[in-house]
Amino acid sequence: MRTRFAPSPTGPLHLGHAYSALLAAGMARAADGAFLLRIEDIDSTRSRPHWEAQILEDLQWLGLTWDEPPMRQSDRLPAYEAALDDLWARELIYPCHCSRRDIQAAASAPQEGAEPAYGPDGLVYPGTCCDLLAPGYGATPRPHGEALRLNMRKALAQIDAPLGFEETGAGPAGETGPIVVAPEVLIHGIGDVVLSRRDFPGSYHLSVVLDDAVQGITHVVRGRDLFEATAIHVVLQHLLKLTTPIYHHHDLIRDAQGKRLAKRDDARAIATYRDSGATPEDIRHMVGLER
């Protein structure tokens, strides 16, 4: 078993992060496996070295160690570029010039009274730019500095195996065990997601799939809010000939009002608890993980 914790250095770790990291590490240690750390710093506008330093300090204070040097996504650009080149040559991604306002307007246009669909990335893209593609465009150089979207319908046409994954945790509706990913959900409920941003040759969906594969992650342990995105990741794993790991989606840590914790919730930051005299065992108790 190989698990990982993959924080973004854009703010302090809070109780929810502690729960996810402790759970992933505990699962690996119990199975005599490996626990790895990945710094997801693809958001160059918000990632800061001091946040990364605090993340490492907080994790070590919690008693966590990792079995390999931390991976940083900012060091992985060539791998993301190579995957995008492959998908472009197969005409599975295409450039998109739509603004958020354009997408909102197109998705809100009357379509036989149907309400706009929302997926893991928000409004499902209506395919505006896909309809402008010229045949054979994949033989031309891949554009840079533009958003690139996955042509979901065409991607599914190139996959001749059943789509699914094994869930050992639970989804929002209690989904667990073997999960079947339905093509109609991918097309109509998720759509053509962004795989490369204007300011970065990649996206969360592309980078997390490639990084999990190169780190040999066998069990992805993460919050239940990412359960729906797993369908996207399974598609990419098939397209890029990568192994699909086992997934374990866990509960989210919430405040007294039931609101999910966010990085801006500094009152529940690990560093704040440390400064107030809390111990690592106190943190374990707060998130429901007893030794």
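If you add up the charges near Leu132, with Lys and Arg at +1 and Asp and Glu at -1, over every other residue whose beta carbon is less than 15 angstrom from its beta carbon, what do you get? Each step should come with its number before you reach the end.
On the way: positive: Arg149, Lys154; negative: Glu91, Asp102, Asp131, Glu146, Asp192.
Surrounding charge for Leu132 is -3.
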Task: For Asp225, solvent-accessible area (1.4 Å; no DNA, RNA or ligand), Å² - done: 70 Å²
TODO: Identify, among Ala83, Gly138, Met71, the residue whose Cα sits farthest towards the positive end of the charge dipole of segment 35-139, taking +1 on the Cβ of Lys and Arg and -1 on the Cβ of Asp and Glu, with the dipole about the Cα centre.
DONE: Gly138
Task: Accessible surface, per residue, of the chain when the full set of protein chains is kept, probe 1.4 Å, Å² - done: 48 Å²
Open item on the list: Please list His219, His238 from largest to smallest accessible area, probe radius 1.4 Å, with all protein chains kept in place.
Closed with: His238, His219
Task: Nearest-10 value in Å² for the accessible area of Asp32, using the 1.4 Å probe - done: 140 Å²
TODO: Take the alpha carbon gyration tensor of the chain, find the square roots of its eigenvalues, order them as a ≥ b ≥ c, and report rounded if a/c is under 1.5; if not, report prolate when a/b exceeds b/c, else oblate.
DONE: prolate
Open item on the list: In whole Hz and in residue order, list the ³J(HN,Hα) couplings for segment 143-157 that follow from phi through the Karplus curve 6.51 cos²θ - 1.76 cosθ + 1.60, θ = phi - 60°; x for Gly and Pro.
Closed with: x, 10, x, 10, 6, 10, 10, 7, 7, 4, 5, 5, 4, 5, 5
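Going by the alpha-carbon gyration tensor, a ≥ b ≥ c the square roots of its eigenvalues, is segment 170-237 rounded (a/c under 1.5) or, if a/c is not under 1.5, prolate (a/b greater than b/c) versus oblate?
Numbers: a/c = 1.96, a/b = 1.22, b/c = 1.60.
Oblate shape, in that a/c is at least 1.5 and b/c is the bigger or equal ratio.
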Task: Loop sites in segment 109-204: GluC sites (Glu not before Pro), DSSP, at most 12 other Cβ within 10 Å - done: Glu112
- [ ] Just grab the label-to-label distance for Asp32 and Arg90, each label 7 Å out from Cα along the Cβ direction, in nm (one decimal).
- [x] 3.8 nm
TODO: Would you kindly derive the ³J(HN,Hα) couplings of segment 268-284 from the backbone phi angles with the Karplus curve 6.51 cos²θ - 1.76 cosθ + 1.60 (θ = phi - 60°), listing them in order in whole Hz, with x for Gly and Pro?
DONE: 10, 5, 4, 4, 5, 5, 4, 5, 8, x, 5, 10, x, 5, 4, 5, 4
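Add -39500 (n - 2.57) for each DSSP H run of 4 or more in the chain, then divide by its residues: what number comes out at 222 nm, to the nearest 500 deg cm²/dmol?
-9000 deg cm²/dmol
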Task: 5 angstrom amide H check on Ala269, placed H, neighbours 5+ away - done: none
Task: Percent carbon-and-sulfur accessible area, segment 21-132, ignoring ligands, DNA and RNA, probe 1.4 Å - done: 52 percent
Task: Amide H contacts under 5 Å for Gly164, placed H, 5+ residues apart - done: Val181
Task: Rough spin-label spacing in nm, given labels placed 7 Å along Cα→Cβ, for His50 and Met286 - done: 2.1 nm
Open item on the list: Only four residue types carry charge here, +1 at the Cβ of Lys and Arg and -1 at the Cβ of Asp and Glu. Report the dipole size of the chain about the Cα centre in Debye, rounded to the nearest 20.
Closed with: 280 debye
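Can you tell me how much longer the chain between His97 and Val214 gets when fully stretched, taken as 0.36 nm per residue apart minus their C-alpha distance, in nm with one decimal? Could you put the intermediate results ahead of the total?
Numbers: separation 117, 0.36 × 117 = 42.12 nm, distance 3.13 nm.
Once the chain is fully extended between His97 and Val214, it gains 39.0 nm.
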- [ ] Using amide H atoms built 1.01 Å from N in the peptide plane, name the residues 5+ places from Val220, or on other chains, whose amide H lies under 5 Å from its own.
- [x] Ile246, Tyr247, His248
Task: Antiparallel DSSP beta bridges within the chain, as percent of all bridges there, nearest 5 - done: 55 percent
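The values are calculated or read from the model by the stated rules, or taken from the named source; none is laboratory data. What you see is a predicted model, and the numbers here were worked out from it, not measured in a lab. Here Cβ is always computed from backbone atoms with ideal geometry, including for glycine, and neighbour counts include all displayed protein chains. The area values use the complete protein model at the heavy-atom level, side chains included, leaving out ligands, DNA and RNA. Shrake-Rupley method; radii C 1.70, N 1.55, O 1.52, S 1.80 Å.
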